[in-house]
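Inspection log for the structure reproduced underneath, given as structure tokens.
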Amino acid sequence: MNTPMFSIVTINYQNLDGLRETVESVRSQSFRDFEHIVVDGGSTDGSAEWTAANFDGAWVSEPDGGRYDAMNKGARMSSGEYLWFLHSGDLFGDDDVLARVASAIQTRPEGLPDWLYGLARVVNADKSLRTTLGFVPFNMFNFAILQRPLPHQASVFRRDFFWRLGAYDTEVGIAADQLFMLRAATSSTPMTLADFLCDFDCTGISANRSWWANNKDRHRILRQLETPIARWRTLDILIAYSYGLLRQLGFLLRAGVGRR
């Protein structure tokens, strides 16, 4: 049996409509060298029944320990060279995304990347654009200090690299994806693509967290890492909070606060 190039892992809980949309988005890809895996957390909204009747890939429906436990479970079920986590409700940017990413990987002069990421459109429930996520080229200062998050739905990891890094830490909480990507970045510089790889459903928990909550998580994450970044504590705090205040000021100005 040939190893597929991509293993696309979709986790789901009580989101049948989103699951249908994601499965259809994956099925519509022009590039076909992939497997699709669905990990459902024991939904009672008909997700398991729909998957059994309509999905031809590997899947499981059972209680789990949360999203990152489910994502790790999906990774264990995978056999592809690269892992791509696309949650229920999230969509590929268009029908040729996998084809473009595969071509970029295969033609990279430096060889196959350990991981890569592109850009993501953050969309509302009606699919209208809310904002965008991601930045290219990669810059550790922007990511770790200025808190510019990387979109994990637009990130792809070699499966052996994923396991070498220890998979997702299920004890960290909602920020485990950013911790994992920080570990990835300190181990291997990512390949980047200035391409919108996915449409990220902003009705999820992580999309609606405040900057301050994310900042608190980021400090907790940095303290766990044995890297030079984790030792910049005082400078980090000064820069991060100054940047946060400027962001808030910019938001207020754009919203017209204080105008007469």
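Each value in this text was obtained by applying a stated rule to the coordinates, not by laboratory testing. Just so it is clear, the structure is predicted and the values come from calculations on it, not from any experiment. FYI the Cβ positions are ideal-geometry reconstructions off the backbone, even for glycines, and counts take in every protein chain you see.
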Checking rank on 124-136, 40-52, 4-16, with mean other Cβ inside 10 Å and highest first, the result is 4-16, 40-52, 124-136
Positive-end residue, segment 6-210 charge dipole about Cα centroid, Cβ charges, pick of 43, 168, 98 | 168
Ratio of Rg to Rh over segment 6-210 (Cα coordinates, Kirkwood Rh, two decimals) | 0.93
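Determine, from the Cβ-Cβ distance of residue 108 and residue 54 and an R0 of 35 Å, the FRET efficiency 1/(1 + (r/R0)^6), rounded to the nearest 0.05.
0.45
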Along the positive direction of the dipole of segment 6-210 (beta-carbon charges: Lys, Arg +1; Asp, Glu -1; about the Cα centre), which of 30, 10, 133 reaches farthest?
-> 133
Total charge dipole magnitude, segment 120-175, about the Cα centre, Cβ charges on Lys, Arg, Asp, Glu only, Debye to nearest 20 | 240 debye
Segment 6-210, dipole about Cα centre (Lys/Arg Cβ +1, Asp/Glu Cβ -1), debye to the nearest 20 | 660 debye
At 0.36 nm per residue, minus the direct Cα-Cα distance, what do residue 139 and residue 14 gain on full extension? Give it in nm, one decimal, please.
-> 41.3 nm
What is the spin-label model distance, in nm, from residue 194 to residue 174 if the labels are put 7 Å beyond Cα along the C-beta direction?
-> 3.2 nm
Answer with one residue from 203, 124, 111: the one whose Cα lies farthest towards the positive end of the charge dipole of segment 6-210, charges on Cβ with Lys, Arg +1 and Asp, Glu -1.
-> 111
